[in-house]
Amino acid sequence: MIREMREKLGAEITALSHELAVTLPQAIATAVEMGDLRENSEYKAALERQQFVQARLGQLHQRLNQVSELANTEAPTDRVGLGSRVMVEDVTTGEPEEYTLVLAEMMDIDAGHISLASPLGRALKDRKIGEEVTLQLPTMRRKLRVTNLVTIHDAPEEQRL
């Protein structure tokens, strides 16, 4: 999962770096050739895009560093954490549910991937099998019991960080 996140961030960094080094300088040069820069909307747009790309690259590099740190700190071996696949049971209805805790960028509700930063992710974090959590939702309160847990350390190699 961390590997996928690094690849995703790396791909965006590569694309934006190319845009910053090649595409935007060409757009700025073309706009300069058009004349009066004070009223040149192409020039202004290219400069604004350049500033945005520079800021986004800074954010991406910072996130890449955070992701590397998460690989070491957010994956406990005996309780719910980053990369854990957790089975819970609704205490009231007995309905089983399965979730995988992921980074926000990898969240996919339909696939059962919930963010570690989401209310449910925060409630489940650091729980062990048999523990119950209470989740306050806008319309109701849910009580869930952790029934099974596969941490990232127990998962098959291709699913690991």
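Readers should treat all values here as calculations from the given coordinates under stated rules, not as data from a laboratory. This structure is a prediction, so every number in the text was calculated from the model and none was measured.
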- Message: In Å and on Cα atoms, what radius of gyration and Dmax does the stretch 2-73 show?
- Response: 16.1, 54
- Query: Mind checking which of Lys44, Lys143, Lys128 has the largest fluctuation in a GNM of the chain, springs on alpha carbons under 10 Å?
  - Reply: Lys44
- At 1.567 mPa s and 4 °C, Stokes D of the chain from Kirkwood alpha-carbon radius, µm² per second: 70 µm²/s
- Direction-averaged shadow area of the convex hull around the Cα atoms of the stretch 53-144, nm²? 7.3 nm²
- GNM flexibility winner over the chain from Thr30, Thr77, Thr134 (Cα, springs under 10 Å): Thr30
- Output the relative contact order of the chain, whole-number percent, from Cα pairs under 8 angstrom with separation of 6+ residues. 22 percent
- Taking amide H positions as placed in the peptide plane 1.01 Å from N, state which residues far from Arg127 in sequence (5 or more) or on other chains have amide H under 5 Å from it. Val80
